[in-house]
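Remarks on the structure that follows.
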Amino acid sequence: MLASSPEEADALLDRLEREVPVRPGVAELPTRAGGEAVVFGDSHGDWRTMLEVRRGFLSGDAEHRCLVGLGDYVDRAPNDCGPGSVVNALLLLDLVAQFPDRVVLLQGNHETVSRIPVLPRSLPEEVDELWGPEAERLTRLTALLERGPLAAVSSNGAYLAHAGFPRRNRPTAWRRLLEEPDEETLIDIVWVECDAARSRRGVGPPWTEPELVDFLRAAGASIFLRGHDPEIMGRPLYGGRCLTLHTTRVYERYGGVLLGRFPLDRPVRSVADVVVEHLPTEGHSYPSVD
């Protein structure tokens with residue numbers, strides 16, 4: 001899923017711009033009998049792992065399955081993935097184009113760079129090296145990733161976002177805040193840590209358990225699935241209300257390369273209802289890609 005020439009890149013971007021939908025601020029996951037949500041966390045250019053995710057998503061009774069990415073698809077690619085940010089972004093955007101009703105790519109802080117800059121940032125350099133120093137191609141690829149929503153919800157009790165949730169104004173108005181988010185709301189959704197994480201990026205104060213409880217109650221949800229903080233990945237937190245997933249070998253030292261699955265046809269009451277899998281790329285490196 002890599003255009004090797006500028007002309008092929010332009011044609012591919014043309015197609016994706018026609019086929020990838022622009023999502024509202026909050027996506028509703030489909031509810032089907034026997035339905036399942038497959039959720040992957042930050043993938044950061046690890047397209048080798050995403051090939052495993054795609055294989056699993058398409059296997060078996062795939063029509064009852066949806067796939068949700070929690071953001072951060074680019075930058076920090078593993079050394080054996082070459083121009084991994086570009087490849088990973090195109091691979092995932094192509095899945096959205098094929099299955100627009102069943103694949104949702106939430107935005108993370110590495111997808112909202114047009115509003116809040118982020119470092120490290122390797123995507124621009126990769127685009128230049130692959131297709132030449134043409135800024136428009138980077139702008140088009142970035143804009144495609146920005147078509148994803150900021151959050152997703154399921155009618156059976158799950159809220160999903162990259163990092164957090166809105167923490168101001170009336171809680172019942174949270175959906176409206178995500179339709180045209182100001183900078184404060186954007187920081188809450190894609191930048192802030194939870195207070196169980198030790199790292200601090202300094203963009204905003206971390207959210208707390210009481211804030212999470214209040215938000216989930218207002219949203220009619222029971223659990224929060226997120227990425228962003230690798231050091232707490234795979235650990236149920238806050239009485240089983242929160243689970244952090246990362247799906248890249250870049251951060252596997254913190255707890256593995258993880259994927260989550262939860263049912264869409266019955267209530268989810270805690271993250272104990274989420275099955276966490278370790279993917280087969282965990283612990284593996286591959287021949288480098290030039």
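We did not get these values from a lab; they are worked out from the coordinates using the rules stated. This one's a predicted model, so the numbers in the text were calculated from it and none came from an experiment. Because the Cβ atoms are built from the backbone with ideal geometry, glycine has one as well, and the counts that use them run over all protein chains shown.
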Query raised in the report: Taking region 147-265 as the region of interest, what is the percent of Cα-Cα pairs per 10 angstrom bin, listed from the shortest bin to the one with the maximum distance?
Result: 13, 47, 34, 6
Query - Other-chain or far-sequence residues with amide H under 5 Å of residue 44's (modelled H) - result: 73, 74
Query raised in the report: Ranking 254, 159, 238 by Cβ neighbours within 10 Å, fewest first, what do you get?
Result: 254, 238, 159
Report task. Taking the Cβ of each residue in 247, 208 as the centre, tally the other Cβ atoms inside 10 Å and list the residues starting with the fewest. Result -> 208, 247
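Rounded, prolate or oblate: which fits region 1-56, taking a ≥ b ≥ c as square roots of the Cα gyration tensor eigenvalues, rounded meaning a/c under 1.5, else prolate when a/b beats b/c?
Working: a/c = 2.46, a/b = 1.48, b/c = 1.66.
Note, shape of region 1-56 comes out oblate.
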Report summary line: If each K or R counts +1 and each D or E counts -1, the residues other than residue 62 whose Cβ falls under 14 Å of its Cβ total +2
Query raised in the report: Order of 233, 50 from fewest to most other C-beta atoms within 10 Å?
Result: 233, 50
Report task. With everything on Cα atoms, drop me the angle between helix 6-19 and the longest principal axis of the chain, reported from 0 to 90° to the nearest 10. Result -> 30
Query - Label-point separation in nm, residue 235 to residue 182, each point 7 Å along Cα→Cβ - result: 3.4
Report task. Identify the trypsin sites (Lys or Arg not before Pro) of region 1-78 meeting these criteria: DSSP loop state and at most 15 other C-beta atoms within 10 Å of the C-beta. Result -> 32
Query raised in the report: Which value, in debye to the nearest 20, gives the size of the charge dipole of region 25-127 about its Cα centre, when Lys and Arg are +1 and Asp and Glu are -1 at the Cβ?
Result: 80
Query raised in the report: Looking at the P(r) of the chain, how many percent of alpha-carbon pairs lie beyond 30 Å?
Result: 25
Report summary line: Taking a crude spin-label model, label points 7 Å out from Cα along the C-beta direction, the residue 143 to residue 218 distance in nm is 3.3
Report summary line: Contour minus Cα-Cα span, residue 33 to residue 254, at 0.36 nm per residue, comes to 76.0 nm
